[in-house]
Amino acid sequence: MEAAAHAKFIRITPRKMRLVIDVIRGKTVKDAEDLLKFIPKGASTPIAKVLKSAKANATNNFEMLEDELYVKSAFVNEGPTLKRIIPRARGRGDGLLKRTSHVTIILEEMPEGKRKKGGKR
């Protein structure tokens, strides 16, 4: 069973978002949340919100155990690009592309063989 969350039209370029999303892919939800707190990038805040939403969807809608969730897949797609004009010398104008992103995070419970069975002895 999978639980997903999406965020659309985020005003950060997909290239910058992918730097952060690649770090959390495959990690447990707890580890991913801890990493996102300390990554010094602007993209970590909206990604943390999407991760929190996916975790809430998993626990409330699908009754999954929060301790056994991991990030099965996480990806960033390119949204629409806002085209603006920036003034230049001699009355000219250059184009300026303001890119947007769509973020998707999919969580799943860990398989039986990979679950932790307790602490070290």
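Annotations
- The stretch between Asp34 and Thr59, if pulled fully straight at 0.36 nm per residue, gains 7.1 nm over its current Cα-Cα span.
- Since only Ala5, Leu65, Gly91 are under comparison, the one whose Cα sits farthest along the positive direction of the charge dipole of the chain, derived from C-beta charges on Lys, Arg, Asp and Glu, is Gly91.
- Taking only the C-alpha atoms of the range 7-121, Rg followed by Dmax gives 18.6, 74 Å.
- Using a cutoff of 8 angstrom between alpha carbon atoms and counting only pairs six or more residues apart, the relative contact order for the chain works out to 39 percent.
- Counted residue by residue at 0.36 nm each, then reduced by the alpha carbon distance between them, the extension gain from Asp22 to Lys83 reaches 19.2 nm.
Every number here is computed from the coordinates shown, using simple stated rules; none is lab data. Note that the structure is predicted; figures quoted are calculated from it, not measured. Heads up, the Cβs are rebuilt from the backbone with ideal geometry, glycines too, and the neighbour counts pull from every protein chain shown.
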